[in-house]
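*Asks:* If you scroll down you'll find the structure; I have some questions about it.
The values are calculated or read from the model by the stated rules, or taken from the named source; none is laboratory data. Since we're looking at a predicted model, the values are computed, not measured. Cβ sites come from the backbone with ideal geometry, for glycine too, and all protein chains shown count toward neighbours. Accessible surface is based on the protein model in full, side chains and every heavy atom, while ligands, DNA and RNA are left aside. Shrake-Rupley method; radii C 1.70, N 1.55, O 1.52, S 1.80 Å.
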There are 2 protein chains.
Amino acid sequence: MTLQAQPELTKNQSLVFSALNRADGPLTAYAILDELRAEGFRAPLQVYRALERLQAYGLVHRLESLNAFVACSHPQCAHQESAAFAICEKCGQVAEFSPGRATDALKAWATQTGFALTNTTIELRGMCRLCSGAPAPCA
Amino acid sequence: MTLQAQPELTKNQSLVFSALNRADGPLTAYAILDELRAEGFRAPLQVYRALERLQAYGLVHRLESLNAFVACSHPQCAHQESAAFAICEKCGQVAEFSPGRATDALKAWATQTGFALTNTTIELRGMCRLCSGAPAPCA
DNA sequence: CCGCCAGACGTTATCTTATTACGTTATAGG
DNA sequence: CCTATAACGTAATAAGATAACGTCTGGCGG
């Protein structure tokens, strides 16, 4: 993970970040580009460069299984712990959560195996509660 | 996951599967295509169609973070449980393992949240024991 | 003040990955 | 035999990502 300190965002970085925050789901790089043509964006690289920095700052996550990006849902701060995502295949909503116990189990495997872990990707596919019509949990 | 029953493999499926088995690491679809030009493959779709079936049969896994594919390392059979992968960023080797406890934790989250889970992607990045020069585990 | 360096930026071209569209072939069941 | 279905072949194109340039700006040592 190794987060980088976060200086002021540049103009392009701010634009990309706010596009992701406006969206109610993940956006692909090209979707972001289209969003920002009005602001003067012309080429994919402008988006990819901004995304690269935003990811390094921990403000944005990449969804590998979608080739798309979301703003981190943790309020403001960059969180150290790895994130996990539940992707609804019906409505496209993505829920981010902190997979504490799962991460612990994976870390344990890594330690045991001698694998030097730097980054963990966890993505769940399925249907969210609303789309599957399941009752609310009693918790 | 929902595995499909596995009938005889077709010629193309067999060729793709054996290319993946020959390889000592993950292959991209286009790398497979190049491998198989000698056998008459001409177009990406021949590879993608075969991969789709092989994945459905549980014989092949897709590595989302690499856009690449590996043969399942479980001896013969299609295993029901989800698989996890540890990808060495130095040597490119991929280790497949069964993340039992991690999966349990994720299932528990899903149950609690009302998320109807169909598929789980777990991919670890880092350096394998050999590349990081770590000592062998004492286990 | 000047010159230089590093970081962000802009632009074009290109590469890689994946899919759409459409027609053909092989085959099992009625 | 006839037809439905699954696999296949081919071409074209969409979608995602990067390489290789050059420019501009702001900070800093001389």
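*Asks:* Is it the case, given these coordinates, that B:THR103 is more than 30 Å from A:GLY100 (Cα to Cα) and either touching a strand residue (DSSP E or B) at 6+ places or on another chain (Cβ under 6 Å) or surrounded by fewer than 21 Cβ atoms within 10 Å (Cβ to Cβ) (or both)?
*Replies:* Values: more than 30 Å from A:GLY100 (Cα to Cα): no; either touching a strand residue (DSSP E or B) at 6+ places or on another chain (Cβ under 6 Å) or surrounded by fewer than 21 Cβ atoms within 10 Å (Cβ to Cβ) (or both): yes.
No; evaluated as a whole, the condition is false for this residue.
*Asks:* Determine the pairs where a residue that is without any contact (Cβ under 8 Å) to a residue 40 or more places away in the chain, located within segment A:114-130, has a partner that is part of a helix (DSSP H, G or I) and open to solvent by 20 Å² or more (accessible area, probe 1.4 Å) with Cβ atoms under 6 Å apart, the partner being 6 or more residues away or on another chain.
*Replies:* Correct list of pairs: A:GLY114/B:ARG129; A:ALA116/B:SER132.
*Asks:* Now for a separate question. Suppose we filter A:SER65, A:SER18 for residues that are surrounded by 16 or more Cβ atoms within 10 Å (Cβ to Cβ), within 16 Å of DNA strand C (Cβ to nearest atom), of a type in the set (Ser, Thr, Tyr) and modelled with pLDDT of 95 or more; which single one remains? Reasoning before the result, please.
*Replies:* Numbers: A:SER18 fails: surrounded by 16 or more Cβ atoms within 10 Å (Cβ to Cβ).
Just one listed residue meets the conditions, A:SER65.
*Asks:* Next question. Looking only at residues that are in a helix (DSSP H, G or I) and within 14 Å of DNA strand C (Cβ to nearest atom) in segment A:21-37, which one is surrounded by the most Cβ atoms within 10 Å (Cβ to Cβ)? Break it down into steps so the answer makes sense when it comes.
*Replies:* Restricting attention to segment A:21-37, the residues satisfying the condition of being in a helix (DSSP H, G or I) are A:21-22, A:29-35, A:37.
Next, from what is left, pick out any that are within 14 Å of DNA strand C (Cβ to nearest atom): A:29-30, A:32-33, A:37.
Working: A:ALA29: 18, A:TYR30: 12, A:ILE32: 24, A:LEU33: 20, A:ARG37: 9.
Checking each candidate, the answer is A:ILE32.
*Asks:* Consider A:LEU117 carefully, then state whether it is outside any helix (DSSP H, G or I), modelled with pLDDT of 95 or more and more than 26 Å from A:ALA29 (Cβ to Cβ). Step through it out loud before you land on a result.
*Replies:* Values: outside any helix (DSSP H, G or I): yes; modelled with pLDDT of 95 or more: yes; more than 26 Å from A:ALA29 (Cβ to Cβ): yes.
Answer is yes for this residue.
*Asks:* Sticking with this structure for a sec: For the subset of segment B:121-134 comprising residues that are assigned to a loop (DSSP other than H, G, I, E, B) and modelled with pLDDT of 55 or more, which member is least open to solvent (accessible area, probe 1.4 Å)? First the steps, then the outcome.
*Replies:* Taking segment B:121-134 and keeping what is assigned to a loop (DSSP other than H, G, I, E, B), we get B:128, B:133-134.
Those still in the list that are modelled with pLDDT of 55 or more too: B:128, B:133.
Numbers: B:CYS128: 27, B:GLY133: 60 Å².
Applying the filter and picking the extreme gives B:CYS128.
*Asks:* Are there any pairs, at least 6 apart or on different chains, whose C-beta atoms fall under 7 Å, with the first in segment A:26-47 and over 19 Å from A:LEU63 (Cα atoms) and the second within 12 Å of DNA strand D (Cβ to nearest atom) and part of a helix (DSSP H, G or I), and if so, which?
*Replies:* Correct list of pairs: A:PHE41/A:LEU33; A:PHE41/A:VAL47.
*Asks:* How do the pairs read when you match residues in segment A:88-110 that are within 17 Å of B:LEU124 (Cβ to Cβ) and modelled with pLDDT of 95 or more with residues anywhere that are among the hydrophobic types (A, V, I, L, M, F, W, C) and part of a loop (DSSP other than H, G, I, E, B), using Cβ under 9 Å and keeping only pairs 6 or more apart or on different chains?
*Replies:* A:TRP109/A:PHE115
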